[in-house]
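Okay, structure first, notes after.
The values are calculated or read from the model by the stated rules, or taken from the named source; none is laboratory data. These numbers come from a predicted model, not from an experiment. When we count neighbours, we look across all protein chains shown, and the Cβ atoms used for this are built from the backbone with ideal geometry, even at glycine.
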Amino acid sequence: MPTYAYLLVFAVTLLASAALVLTQRWHGRFSMDGTVGVQKHHTQPTPRIGGLAIVCGLVAAWLLTGPKASTILGHMLLAGIPAFAFGLLEDITKKVSVLARLLATMISGALAWYITGIAMQDTGVMPLDYLLSYTFFAVLFTAFAVGGVANAINIIDGFNGLAAGAVAIMLGAIGLIALNVNDPELAAVCFLGATVTLGFGAVNWPMGKLFLGDGGAYLLGFVLAWMAVMLPMRHIEINAWATMMVCAYPVLEVGFSVRRRRNRVGHQAGQPDKVHLHHLINRRIVQRLLPGVSTTLQNGMTSPVCWLFVAAPAAWAVVFAQNTPLLVAGFFSVIVAYAAFYARLTQFRWCLSARTLNPVAAKATT
């Protein structure tokens with residue numbers, strides 16, 4: 001891919017993002033995200049339809065790239081329509097249920113299989129791989145995995161630049177692995193996707209002039225998830241542990257959140273709270289290190305700390321992409337490190353105990 005193509009994709013996404021900000025007086029009655037809510041950290045109503053800018057950037061990438069990469073992008077854009085549409089509908093109406101959005105992202109995963117014939121069948125876990133040798137179970141597992149990652153990106157979309165920066169890092173890592181196994185087309189798609197998120201990020205971070213919204217988060221999550229499926233399916237020397245390691249941070253955030261919320265009496269797994277790792281980093285680290293800056297800037301400066309948690313496992317995956325034992329060891333090490341750091345932020349000591357997942361204890365110490 002020539003450099004000018006990446007520059008044009010970045011420019012298209014940046015200009016589309018800026019246009020959404022400058023025209024908010026016309027669409028704001030539909031697109032604004034208010035300041036009242038459990039997970040709201042912004043101080044002024046802000047447009048939450050940044051997903052439209054993401055679509056513009058991805059379409060530009062589809063038009064500018066070579067025929068093989070363009071085919072991959074075209075299939076991905078087509079399959080991603082349900083995930084994006086239901087997310088955007090929620091951004092505008094605020095009335096689409098969590099279950100409906102989850103099912104939409106899973107439908108996008110199933111649609112991607114229908115269009116490409118690709119489904120996850122090599123996880124590195126023999127009993128599961130035997131089950132996945134049957135197409136029905138492979139498609140079901142693929143849809144569930146894609147839906148899970150897409151929703152994970154929406155969950156971590158809590159501070160300016162966090163989700164966009166995280167997706168850029170993870171797509172970049174998958175692109176590097178693809179280059180290392182001589183797959184320039186898949187690498188180009190990953191790098192173009194990362195470029196799109198950076199174009200949006202130039203408006204979103206650090207001051208939060210435009211939000212991804214559910215449409216943008218689900219679409220980027222789907223793009224990331226589908227690249228994570230395609231890489232091991234196109235290259236037998238890479239198995240799913242490599243892309244699982246790349247996506248470790250959002251995957252763990254989902255698992256931890258579901259467990260924490262289910263432990264809270266009277267709450268459902270999909271009900272939002274303010275005890276995610278990024279919330280704790282904001283309160284325990286950023287606000288204490290930067291007490292004199294505005295709330296908005298504290299919001300934005302939370303993301304670089306969180307990006308470290310994304311970059312570390314992603315870098316491990318790039319270096320050890322073809323070494324399954326080290327990938328497995330690395331993934332479980334990330335679980336331990338995540339739990340220990342979470343315990344430190346909630347219990348003020350490095351420990352692993354049942355209290356780590358106890359939302360009551362976490363709330364009492366915040």
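Within segment 319-335, the set of residues being crowded, with 19+ Cβ neighbours inside 10 Å and either without any contact (Cβ under 8 Å) to a residue 12 or more places away in the chain or within 19 Å of residue 175 (Cα to Cα) (or both) comprises 321, 327. Taking first residues from segment 286-305 that are free of Cβ contacts under 8 Å to residues at least 40 places away in the same chain and partners that are surrounded by fewer than 17 Cβ atoms within 10 Å (Cβ to Cβ), the Cβ contacts under 8 Å between residues at least 6 apart in sequence or on separate chains come to 290/297; 298/287; 298/290; 305/285.
Residues in segment 195-214 include none that are touching a Cys at 6+ places or on another chain (Cβ under 8 Å) and assigned to a helix (DSSP H, G or I).
When 58, 103, 131 are checked against the criterion of being out of contact with any Gly (no Cβ under 6 Å at 6 or more places or on another chain), more than 30 Å from residue 301 (Cα to Cα), at pLDDT 95 or above and of a type outside the set (D, E, K, R), a single residue qualifies: 103. Only a single item in (1) crowded, with 21+ Cβ neighbours inside 10 Å; (2) closer than 30 Å to residue 133 by Cα is not met by residue 31, and it is number (2). Take residue 180 and decide whether it is modelled with pLDDT under 95 and either surrounded by fewer than 24 Cβ atoms within 10 Å (Cβ to Cβ) or within 23 Å of residue 206 (Cα to Cα) (or both). When the stated conditions are applied, residue 180 does not pass them.
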